[in-house]
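The values are calculated or read from the model by the stated rules, or taken from the named source; none is laboratory data. All figures in this text were calculated on a predicted structure; none of them were measured in a lab. Cβ: placed from backbone, ideal geometry, glycine included. Neighbour counts: every protein chain shown. The protein model used for the area step is the full one, side chains on, heavy atoms only, and it has no ligands, DNA or RNA in it. Shrake-Rupley method; radii C 1.70, N 1.55, O 1.52, S 1.80 Å.
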Amino acid sequence: MAESMKGLVRTHRCGELSLANEGEIVTVMGWVQKQRNKGGIIFVDMRDRAGILQVIFEESDCGAENFEKASKLRSEFVVAVTGKVEKRSGAVNENLATGEIEVRATAVRILSESEVPPFPIEADSKTKEELRLKYRYLDLRRPDLQRNLILRSKIATTIRAFLSAEGFLEIETPILNKSTPEGARDYLVPSRVHPGCFYALPQSPQIFKQLLMCSGYDRYFQIAKCFRDEDLRADRQPEFTQVDLEMSFVDVDDVIDATERMVATVCKEAIGLDVQLPIQRMTWQEAMDRFGSDKPDTRFGMELCDVSDVVKSCGFGVFTGAIEAGGSVRGINVKGQAEMPRKKIDALVEFAKGYGVKGLAYLAVMPDGTYKSSFAKFMTEEELAALVSAMGGEAGDLLLFAADRLKIVYSVLGALRIEVACQLDMIDNDKFNFLWVTEFPQFEWSDEEERFVAMHHPFTMPMEEDLEYLVSDPGKVRAKAYDIVLNGVELGGGSVRIFQSDVQEQMFEALGFSKEQAYEQFGFLLDAFKYGVPPHAGLAIGLDRFVMLLVKADNIREVIAFPKMKDASCLMSEAPGTVDPKQLEELALAITAQEKAEEASEE
């Protein structure tokens with residue numbers, strides 16, 4: 001039966017005690033991890049967020065009543081124990097921070113009983129994730145998850161302290177906003193007061209932080225909640241948290257300097273990692289040419305090699321056809337893998353097809369110097385030798401090639417080098433390789449919309465030397481945009497913002513917006529620009545991703561208290577759910593069944 005806390009005061013958390021407390025009378029409270037009854041003595045492992053502590057009960061110390069209570073303890077009972085800290089009578093437990101001591105109990109209170117949990121509360125759980133997420137309140141008791149969330153809290157505190165010391169002001173921006181057409185899909189919130197109208201949850205505080213610069217706040221930051229209605233991945237959730245900042249009277253170098261010093265401070269405080277500053281920078285074009293990705297993992301080599309000039313006149317039609325169509329032929333050199341089984345090579349070909357390429361060509365330089373290839377019969381010995389030389393190939397190497405439109409070649413080989421590196425265990429998981437990627441294209445062409453769309457957002461400043469192409473040749477324009485990458489994951493990104501009205505109008509024109517459409521969507525920002533706007537720039541870092549990478553978790557859900565599943569649902573709360581018809585009526589909304597395009601009766 002549960003007892004009261006009356007008169008009890010916790011003196012320490014379980015994991016905080018050590019030999020320094022030997023001889024002290026303490027009161028600890030927490031959950032029972034396990035109980036072992038050895039007859040005349042009962043061992044209980046108690047757990048709270050600080051760690052695990054061994055408590056021993058002997059009737060001569062705690063009395064018959066308390067000993068009887070201790071004999072009834074089961075996993076996940078919540079208890080309060082008073083006793084004396086002693087040096088362990090048995091062997092020291094090197095795996096516990098409290099492994100040198102134990103508490104000899106004099107009293108125990110059962111504050112709450114527990115049913116048998118649906119899975120063990122233990123680190124490195126092998127329980128299926130679906131079951132853990134359904135009982136997330138139990139899952140969150142596990143020590144590894146608690147360590148992650150405690151570290152997340154520490155990181156957020158460090159960020160606030162750093163930015164405050166740098167003169168940034170923490171200012172909150174609205175959650176209920178106006179929907180905008182650029183970017184990912186919005187989450188919409190219907191308005192009761194304005195029937196038929198909707199708010200949108202923010203994908204970022206972008207417009208509002210720019211307005212704060214117009215308002216003279218100079219340096220702003222916010223640990224902001226953001227929402228995007230898009231498909232989930234291992235490093236993406238429908239609601240996420242970003243460290244958002246904006247600065248006035250600055251350019252690219254100022255934002256990069258402040259950001260990388262903040263990142264270095266966080267890494268040192270959180271995990272003791274020394275980040276060497278300044279962080280390496282690489283243009284978008286160089287990143288794509290070398291790694292096939294604008295967020296390259298630089299912990300290993302296997303860089304892309306352009307062999308278009310070498311094979312443009314060869315006898316292999318796949319190569320020459322791609323080049324004649326305006327495409328490219330590039331490859332990667334998988335060192336020492338010439339004898340990779342054909343079955344594995346075929347699997348890599350199928351993997352490549354998933355990225356839009358029709359196939360993958362391979363050339364193995366066997367240890368004896370002979371070639372084993374999918375296309376050798378179409379090329380002369382001289383052409384093959386020239387190709388191997390261009391790839392830096394040696395005896396024992398496996399060369400893999402993609403031939404297609406450049407965008408597809410980048411995508412295929414960028415993904416393939418990661419896949420091969422993972423399969424061959426080439427990546428050092430103890431490395432933390434930071435990288436700045438700069439000078440992104442201002443626009444990218446959307447086949448779906450048949451127009452240019454902003455690669456970042458429509459408020460990004462073009463490189464000054466490219467302004468002349470903004471309307472006449474948008475594809476040539478580079479942006480004053482920058483992403484910070486860690487181990488092949490985009491940690492965050494930002495840009496210098498457009499602050500001249502004429503440039504902003506040209507930007508909207510390049511995006512296919514009429515003046516009327518631009519004012520309909522962004523009128524309040526454009527109006528603000530009429531009243532003196534300073535040059536400004538900013539950046540946002542994904543806090544969830546940052547923590548995930550620092551703790552080496554495989555999934556972002558491991559660092560979020562209450563995450564969603566892949567379909568954006570919550571197994572614990574069963575959100576999203578239906579609502580009472582009266583609520584829909586108040587919002588002037590109706591739910592209609594989606595009709596099938598073709599009814600069976602019409603056949």
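Loop-resident trypsin sites (Lys or Arg not before Pro) (DSSP state other than H, G, I, E or B) in the stretch 14-102 with no more than 16 further Cβ atoms inside 10 Å of their Cβ: 38, 49, 72, 74, 88. Taking 0.36 nm per residue of separation and subtracting the Cα-Cα distance, full extension of the segment from residue 41 to residue 254 would add 70.2 nm. Which pairs, out of 128/268; 353/431; 6/69; 480/566; 268/295, put more than 26 Å between their alpha-carbon atoms? Pairs exceeding the cut-off: 128/268; 353/431; 480/566. Based on C-alpha pairs under 8 angstrom that are at least 6 apart in sequence, the stretch 396-531 has a relative contact order of 20 percent.
Take the Cα of residue 11, step 7 Å along the line toward its Cβ, and report every residue of the stretch 67-88 whose backbone nitrogen sits under 13 Å from that point. Flagged as within label range: 81-86.
With 0.36 nm allotted per residue and the present C-alpha distance subtracted, the residue 130-residue 580 stretch has 159.2 nm of extension available.
Sorted from greatest to least, the principal axis extents spanned by the alpha carbons of the chain come out as 93, 74, 68 Å. In the context of the full set of protein chains, residues of the stretch 489-551 present 37 Å² of accessible surface per residue (probe radius 1.4 Å, heavy atoms only). When both the stretch 174-213 and the stretch 492-544 are represented by their alpha-carbon centers, they are found 16 Å apart. Between residue 20 and residue 119, the contour length at 0.36 nm per residue exceeds the alpha carbon distance by 32.1 nm. Here the convex hull built on the C-alpha positions of the stretch 66-179 has a volume of 233 cubic angstrom per residue.
The simple spin-label model puts a point 7 Å past each Cα toward its Cβ; for residue 509 and residue 428 those points are separated by 5.2 nm.
Just the protein heavy atoms count here, and of the accessible area of the chain at 1.4 Å, carbon and sulfur take up 50 percent.
Peptides 344-355, 115-126, ordered by how many other C-beta atoms sit within 10 Å of their residues on average, highest first, read 344-355, 115-126.
For the stretch 20-126, state what percent of all Cα-Cα pairs lands in each successive 10 Å bin, counting from 0 Å until the bin that includes the largest distance. Final binned percentages: 15, 50, 30, 5, 0.
In loop segments of the stretch 145-202 as defined by DSSP, the trypsin sites (Lys or Arg not before Pro) with at most 15 further C-beta atoms inside 10 Å of their C-beta are 185, 192.
Can you give me the Rg/Rh ratio for the stretch 512-584, using Cα atoms for both radii and the Kirkwood formula for Rh?
Numbers: Rg = 20.9 Å, Rh = 17.4 Å.
Here Rg/Rh amounts to 1.20.
With a Förster radius of 35 Å applied to the C-beta separation of residue 395 and residue 448, the computed FRET efficiency comes to 0.15.
For the stretch 297-374, the Kirkwood radius over C-alpha pairs fed into Stokes-Einstein at 25 °C and 0.890 mPa s yields D = 175 µm² per second. Excluding residue 59 itself, calculate the net charge of residues whose Cβ lies under 15 Å from the Cβ of residue 59, where each Lys or Arg counts +1 and each Asp or Glu counts -1. Result for the neighbourhood of residue 59: 0. Taking Cα centre as origin and charging only the Cβ of basic (Lys, Arg, +1) and acidic (Asp, Glu, -1) residues, the dipole magnitude of the chain rounds to 2240 debye.
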